[in-house]
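The values are calculated or read from the model by the stated rules, or taken from the named source; none is laboratory data. Bear in mind that the values here come from a model prediction, so they are computed numbers and not experimental data. Quick reminder, even Gly has a Cβ in these numbers, built from the backbone with ideal geometry, and neighbours come from all protein chains shown.
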Amino acid sequence: MKRVTLIAALLACSVVPLAPVVARAEDHAEQQSTTEAPRKVLNRVVPAYPALARTMNVRGVVKIEAVVAPNGTVKSVEVKGGHPLLIQSAETAVRKWKWQTGQHESREIIEMKFDADK
């Protein structure tokens, strides 16, 4: 009986943390459908390929959400996914990007692809 209760408690704990993530993803999709198109990037800085990542032939995509101020500068950056060796370089580059001005701040999703062959 104790084993069944323990297993049920472990299953409940492993499922509960997933619920807020799904809700946020749905909220984000709903928010994007009701707002205008993404802002145009005026100045895009290409990230440097980290030497260690190149040596190890690490490839991948880093997904970042940037909060862009009304004046077009990056207010904050949140990494949504990617290889740990590539994240810092992508984050540094996105912080230097400039967008067209807008009436209010916006959230922009950026995916940066790193390929060791290029």
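Quick notes on this structure:
- Residue among 91, 108 that is surrounded by 15 or more Cβ atoms within 10 Å (Cβ to Cβ) and part of a strand (DSSP E or B): 108
- Residue match in region 57-65 (condition: exposed (fewer than 10 other Cβ atoms within 10 Å of the Cβ) and modelled with pLDDT under 50): no
- Annotation note: Cβ proximity below 7 Å between a residue of region 79-105 that is β-branched (Val, Ile, Thr) and a residue that is surrounded by 14 or more Cβ atoms within 10 Å (Cβ to Cβ) and part of a helix (DSSP H, G or I) (sequence gap 6+ or interchain) occurs for 79/87; 79/91.
- Meets criteria (hydroxyl-bearing (Ser, Thr, Tyr) and in contact with a strand residue (DSSP E or B) (Cβ under 9 Å, 6 or more places away or on another chain)) for residue 73: yes
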